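One structure, pasted below without further comment.
The values are calculated or read from the model by the stated rules, or taken from the named source; none is laboratory data. A quick note: this is a predicted structure, and the numbers were derived from the prediction, not measured. Because the Cβ atoms are built from the backbone with ideal geometry, glycine has one as well, and the counts that use them run over all protein chains shown.
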């Protein structure tokens with residue numbers, strides 16, 4: 001019985017992943033998720049439109065399915081790390097543990113970000129996902145800091161951590177340069193930890209790079 005249940009769950013996950021990937025491909029091809037229909041997504045994935053609606057409430061939810069999946073993994077890493085280290089560092093290291101730069105192609109990540117930023121409906125869907133993440137994570141933060149989830153401090157800390165994770169990832173996706181995602185995340189959390197009211201000092205110019213008179 002357990003084996004058959006496991007098989008059904010794997011098939012369900014595979015179907016959801018196929019629908020999400022089909023939504024992404026069509027949104028790229030048609031320059032926006034608003035220009036894609038549920039019928040087209042279902043046909044692209046080789047299933048019925050009814051199957052699509054059984055798995056996803058909207059096209060936006062389908063396109064952002066990978067975020068929903070990674071949220072659970074991030075919370076698991078955060079919960080484990082918060083038992084061993086300060087919560088701010090636990091957020092940083094839990095995010096690094098996700099290894100997004102190894103799991104996902106950077107060009108696909110960049111295309112996804114562009115789709116989201118150009119679509120009010122995707123922005124709204126992603127905001128809802130972040131609120132769901134906030135609701136799940138606030139209990140971890142409160143337990144780690146010995147506060148109540150209704151107190152101001154854990155809510156401020158969690159909000160700052162989520163913004164830092166999102167901003168550092170988007171910054172790296174836009175222009176990674178020669179830095180890894182882990183380095184960018186580490187730098188972003190360090191900036192917040194030092195204090196955000198003043199910008200960090202500009203990097204020193206090497207002697208060879210200085211203009212000669």
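In the set 105, 178, which member is more than 22 Å from residue 82 (Cα to Cα) and over 17 Å from the mean Cα position of the chain (by Cα)?
Working: 105 fails: over 17 Å from the mean Cα position of the chain (by Cα).
After applying the criteria, what remains is 178.
Taking the conditions exactly as written (loosely packed, with under 15 Cβ neighbours inside 10 Å and in a loop (DSSP other than H, G, I, E, B)), does residue 124 satisfy them or not?
Working: loosely packed, with under 15 Cβ neighbours inside 10 Å: yes; in a loop (DSSP other than H, G, I, E, B): no.
In short, no.
Being assigned by TED's automatic domain parsing to the domain that holds residue 126, touching a helix residue (DSSP H, G or I) at 6+ places or on another chain (Cβ under 8 Å) and either modelled with pLDDT under 95 or surrounded by 14 or more Cβ atoms within 10 Å (Cβ to Cβ) (or both) is true for just one of 87, 41. Which residue is that?
Numbers: 41 fails: assigned by TED's automatic domain parsing to the domain that holds residue 126.
Step by step, each of 87, 41 is checked, and only 87 is assigned by TED's automatic domain parsing to the domain that holds residue 126, touching a helix residue (DSSP H, G or I) at 6+ places or on another chain (Cβ under 8 Å) and either modelled with pLDDT under 95 or surrounded by 14 or more Cβ atoms within 10 Å (Cβ to Cβ) (or both).
Still on this structure, I have one more. Would you check if residue 163 is crowded, with 16+ Cβ neighbours inside 10 Å and either at pLDDT 90 or above or farther than 26 Å from residue 56 by Cα (or both)? Quick ask: steps written out before the conclusion?
Values: crowded, with 16+ Cβ neighbours inside 10 Å: no; either at pLDDT 90 or above or farther than 26 Å from residue 56 by Cα (or both): yes.
For residue 163, the condition - crowded, with 16+ Cβ neighbours inside 10 Å and either at pLDDT 90 or above or farther than 26 Å from residue 56 by Cα (or both) - is not met.
Restricting to segment 105-136, name every residue that is without any contact (Cβ under 8 Å) to a residue 60 or more places away in the chain and within 26 Å of residue 157 (Cβ to Cβ).
Of segment 105-136, the ones without any contact (Cβ under 8 Å) to a residue 60 or more places away in the chain are 105, 107, 114, 116-117, 120, 123, 127-128, 130-131, 134-135.
116, 123, 127, 128, 130, 131, 134, 135 - these are the residues of segment 105-136 that are without any contact (Cβ under 8 Å) to a residue 60 or more places away in the chain and within 26 Å of residue 157 (Cβ to Cβ).
Can you tell me which residues in segment 139-156 are in contact with a helix residue (DSSP H, G or I) (Cβ under 8 Å, 6 or more places away or on another chain), surrounded by fewer than 20 Cβ atoms within 10 Å (Cβ to Cβ) and assigned to a helix (DSSP H, G or I)? Spell out the reasoning first.
Initial filter on segment 139-156 (in contact with a helix residue (DSSP H, G or I) (Cβ under 8 Å, 6 or more places away or on another chain)): 140-142, 144-145, 147-149, 151, 153-155.
If we keep only those that are surrounded by fewer than 20 Cβ atoms within 10 Å (Cβ to Cβ) too, we end up with 145, 147-149, 151, 153, 155.
Across segment 139-156, the qualifying residues are 145, 153, 155.
Taking segment 21-43 on its own, how many of its residues are more than 20 Å from residue 104 (Cβ to Cβ) and part of a helix (DSSP H, G or I)? Outline the logic, then answer.
Going residue by residue through segment 21-43, those that are more than 20 Å from residue 104 (Cβ to Cβ) are 30-32, 34-43.
Then keep just the ones that are part of a helix (DSSP H, G or I); that gives 34-35, 38-43.
Final tally of qualifying residues: 8.
Here's a follow-up. I need a count of the residues in segment 47-71 that are closer than 18 Å to residue 132 by Cα, more than 11 Å from the chain's Cα centre (by Cα) and assigned to a helix (DSSP H, G or I).
Narrowing segment 47-71 to residues closer than 18 Å to residue 132 by Cα: 56-58, 60-71.
Filter again for more than 11 Å from the chain's Cα centre (by Cα), leaving 56-58, 60-63.
If we keep only those that are assigned to a helix (DSSP H, G or I) too, we end up with 60-63.
So the count comes out to 4.
Next question. Determine the pairs where a residue that is in contact (Cβ under 8 Å) with a residue 60 or more places away in the chain, located within segment 30-58, has a partner that is assigned to a helix (DSSP H, G or I) and surrounded by fewer than 17 Cβ atoms within 10 Å (Cβ to Cβ) with Cβ atoms under 9 Å apart, the partner being 6 or more residues away or on another chain.
33/121; 34/120; 34/121; 58/121
Take residue 18 and tell me if it is surrounded by 20 or more Cβ atoms within 10 Å (Cβ to Cβ), assigned to a helix (DSSP H, G or I) and either touching a strand residue (DSSP E or B) at 6+ places or on another chain (Cβ under 9 Å) or modelled with pLDDT of 95 or more (or both). Before the answer, list the steps.
On the way: surrounded by 20 or more Cβ atoms within 10 Å (Cβ to Cβ): no; assigned to a helix (DSSP H, G or I): yes; either touching a strand residue (DSSP E or B) at 6+ places or on another chain (Cβ under 9 Å) or modelled with pLDDT of 95 or more (or both): yes.
So residue 18 fails the test.
Quick one: residue 57 ticks every box in (1) loosely packed, with under 11 Cβ neighbours inside 10 Å; (2) more than 15 Å from residue 122 (Cβ to Cβ) bar one, so which box is it?
(2)
Please go through segment 139-165 and give me each residue that is under 17 Å from the mean Cα position of the chain (by Cα) and either in contact (Cβ under 8 Å) with a residue 24 or more places away in the chain or under 15 Å from residue 78 (Cβ atoms) (or both), ordered by number. Quick ask: steps written out before the conclusion?
Step one: of segment 139-165, the residues under 17 Å from the mean Cα position of the chain (by Cα) are 158-165.
Passing the criteria: 158, 159, 160, 161, 162, 164, 165.
Considering (1) modelled with pLDDT under 90; (2) under 27 Å from residue 56 (Cβ atoms); (3) surrounded by fewer than 18 Cβ atoms within 10 Å (Cβ to Cβ), say which one residue 174 fails and leave the rest.
Among (1) modelled with pLDDT under 90; (2) under 27 Å from residue 56 (Cβ atoms); (3) surrounded by fewer than 18 Cβ atoms within 10 Å (Cβ to Cβ), the lone unmet condition for residue 174 is (2).
Restricting to segment 177-213, and then to whatever is farther than 30 Å from residue 102 by Cβ and assigned to a helix (DSSP H, G or I), can you tell me which residue is modelled with the lowest pLDDT? If you could, list the steps in order and put the result at the bottom.
Narrowing segment 177-213 to residues farther than 30 Å from residue 102 by Cβ: 195, 197-199, 201-202, 204-213.
Next cut, assigned to a helix (DSSP H, G or I) only: 207-209.
Numbers: 207: 56, 208: 56, 209: 51.
The selected residue is 209.
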